[in-house]
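Notes follow once the structure below has been shown.
The values are calculated or read from the model by the stated rules, or taken from the named source; none is laboratory data. From a predicted model like this one, the values you see are computed outputs, not experimental measurements. Counting neighbours? That spans all protein chains shown, and the Cβs are built from the backbone with ideal geometry, glycine included.
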């Protein structure tokens, strides 16, 4: 069978726009003689719709969109698999379902509802949807199709050592005589996820001795980035067709001939992270209705990387960098920021905050009298920079991109209403050590836009004389190793200290900083997820709590 894998970038709630993409891709699939065109999970509504499904009109509009798609493609000599939000027929519970349909000749031939509703990490489908109760295969030509929706294919008992669900929808469909597995997905990216998908589907294909089709969404929606990376496998688990990562694509596979289109992929996972940041930034800005961005340029590595990603996301003509030197800013900070802006070809402004800082200290002096200068005065500078950027944002209609990395945000080395001001935290899930790796990739793509001195100078917030990050934090290679084990792997301080051969007191100090700064992170701009556990919707810890392992 010739199957087209339609890897598309949808916008949540833009049913008309999503239908236009699906229809266009279906016609291309037909021109390429496909007998079946497959599109991602909830492709009509976009994923994740979250609480939009609680609006009574939402499932109705989704159903109307499904019927419209059937009508608009009735002249095509192929069947179409598409995801949509359905209305539950249950007498109790939620009103919506996460469903898929097979369309052919203007008719809806099969409806299938997702059975396993994930509630871990960034997922909260149990909150929004009613699970399916039963499923069936569908015959197309000589094939019996087993149609599954994302999580329904992620519970193979021979692959996972600890399964989350008792049912295995794929196994149940295979027992009905399925000869081809088709899985539609909205599977978000994180490092290592692309290979994990292939290993999992390889296990299922080999176990059931059937070819497998995996179609995944691509694009950024809020904090999650979908990488696409769709593929087809033969019954031996060999990849016989593969789509690109991080861009829309349509590929065709012939399951009988065991061959199909194969796109070049990003073997280097750091390059994949870079592409994820660019795609997530571009889609967040575009889908939120913005076109231009503002970045506070400090001359440091974090703001430099953010600026290069922004240029790749929206174009240099839409990026504006602003240096805001204060009383403790070094000469090289402004110099490096200006040099990078010139190399990138972006607009650059210098707006000193020292006069406003002096005036603010004078205003506060009667109230602060008798108290030594401390973090309060330091943070006035950061907040004046936030005020400056947000004022420019209001005046010119540009979104502010924050520049804090995961290491800093984890331990609270950031200022609320200061450097945390903005609409999107581009690198908030990127550890500091990886910031340097990504910046090397940025320089390869932009002819050394980030000056070499930026890589070599000690990181500093420059809020007091001769300040360095190392005054308050351990070396970043040590800090990042601790944070990975504590935040992503949920390891205890004692386990971390033993594994990394560092003192328990150091690990406890880092862990306490992480726990105490939850209140900051929950007020931060949304960030793009690229690791297995990002701060934000995928990590839901209470703010007011006193539990500590240690």
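Among the residues of the range 240-260, those identified as more than 25 Å from the chain's Cα centre (by Cα) and either surrounded by 23 or more Cβ atoms within 10 Å (Cβ to Cβ) or under 15 Å from residue 195 (Cβ atoms) (or both) are 253, 255. The criterion of at least 1 residues that are in contact (Cβ under 8 Å) with a residue 60 or more places away in the chain and crowded, with 23+ Cβ neighbours inside 10 Å is met by the following strands (runs of 3 or more DSSP E) wholly inside the range 26-130: 36-38, 79-87, 96-104.
Before we move on, is residue 367 modelled with pLDDT of 95 or more and surrounded by fewer than 18 Cβ atoms within 10 Å (Cβ to Cβ)? Yes.
Within the range 492-527, the residues that satisfy the criterion of being surrounded by 18 or more Cβ atoms within 10 Å (Cβ to Cβ), more than 17 Å from residue 408 (Cβ to Cβ) and in contact (Cβ under 8 Å) with a residue 12 or more places away in the chain are 493, 496, 507. Looking at the range 181-191, is at least one residue at positive phi and out of contact with any strand residue (DSSP E or B) (no Cβ under 9 Å at 6 or more places or on another chain)? No. Hey, any hits in the range 348-356 for a residue that's part of a helix (DSSP H, G or I) and closer than 18 Å to residue 454 by Cα? The answer is no, given that none of the residues of the range 348-356 is part of a helix (DSSP H, G or I) and closer than 18 Å to residue 454 by Cα.
Of the residues making up the range 170-179, those that are assigned to a helix (DSSP H, G or I) and more than 14 Å from residue 212 (Cβ to Cβ) number 1. The numbered conditions (1) part of a loop (DSSP other than H, G, I, E, B); (2) surrounded by 18 or more Cβ atoms within 10 Å (Cβ to Cβ); (3) at pLDDT 95 or above are all true for residue 236 except (2).
Scanning the range 448-491 for residues that are part of a helix (DSSP H, G or I), surrounded by 20 or more Cβ atoms within 10 Å (Cβ to Cβ) and assigned by TED's automatic domain parsing to the domain that holds residue 333 yields a total of 1.
Residues considered: 152, 227. Of these, the only one that is surrounded by 24 or more Cβ atoms within 10 Å (Cβ to Cβ), in contact with a helix residue (DSSP H, G or I) (Cβ under 7 Å, 6 or more places away or on another chain) and under 30 Å from residue 524 (Cα atoms) is 227.
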